[in-house]
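S.K.: Got a structure for you, questions after.
The values are calculated or read from the model by the stated rules, or taken from the named source; none is laboratory data. Quick caveat, the model's predicted, so the values are computed rather than measured. Reconstructed Cβ throughout: ideal geometry from the backbone, glycine too, with neighbour counts over all protein chains shown. We work out accessible area using only protein heavy atoms, side chains counted, and drop any ligands, DNA or RNA first. Shrake-Rupley method; radii C 1.70, N 1.55, O 1.52, S 1.80 Å.
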Amino acid sequence: MGNIVVTGAAGFIGSCLAHHLFRNVSKSLILVDDFNKNDKKKNIEGLETATHIARDTFIEQLPQLDIDFIFHLGARTDTTEFDVSIFDALNLNYSKSIWRHCAENHIPLIYASSAATYGDGELGFDDDNSTMTNLKPLNPYGQSKLDFDIW
């Protein structure tokens, strides 16, 4: 029996999902995040029996893990961050690595992106490709033009 992975597990949404899964699903959990952040330790209290994997080592461990499902909620979410290299590493390339592994191994993946990619919301939050060029993202992550053919 495989595991369910939650990336961003120490964040607000990730920890709420992890607690829900812990209480209601019979599979083992693998929680992925930067667990060194003291301000987020309270979010994962009660989840000590789940497997914890540091965000920095998860991608290299991924091929050896028995996984049935991944909830990918982990990324740099700070809308005031303007260091593009951080977004490239933590949001774009990290997410692509997870997606590739899931696609190659037929593992279901749910991925959540920041609403900041839509801008301030004046144009709504629709994923219709015909509206994408009108959006005004709030940070470089949302402003980058992704070549989805490489996914």
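S.K.: Tell me, which strands (runs of 3 or more DSSP E) wholly within the range 1-99 include 2 or more residues that are free of Cβ contacts under 8 Å to residues at least 24 places away in the same chain? Working first, answer last.
M.R.: Values: elements: 3-7, 28-33, 51-54, 67-72.
Per the criteria, 51-54.
S.K.: Ok, one more. Looking only at the range 38-54, which residues are at pLDDT below 95 and over 14 Å from A18 (Cβ atoms)?
M.R.: N38, D39
S.K.: Within the range 100-120, how many residues turn out to be at pLDDT below 75 and either assigned to a loop (DSSP other than H, G, I, E, B) or open to solvent by 80 Å² or more (accessible area, probe 1.4 Å) (or both)? Don't jump to the end; show me each part of the working.
M.R.: So in the range 100-120, the residues at pLDDT below 75 come out as 113-120.
Still in the running and either assigned to a loop (DSSP other than H, G, I, E, B) or open to solvent by 80 Å² or more (accessible area, probe 1.4 Å) (or both): 113-114, 119-120.
Looking only at that region, the number is 4.
S.K.: Residue check: is R55 open to solvent by 60 Å² or more (accessible area, probe 1.4 Å) and in contact with a helix residue (DSSP H, G or I) (Cβ under 6 Å, 6 or more places away or on another chain)?
M.R.: Numbers: open to solvent by 60 Å² or more (accessible area, probe 1.4 Å): yes; in contact with a helix residue (DSSP H, G or I) (Cβ under 6 Å, 6 or more places away or on another chain): no.
Criteria not met by R55.
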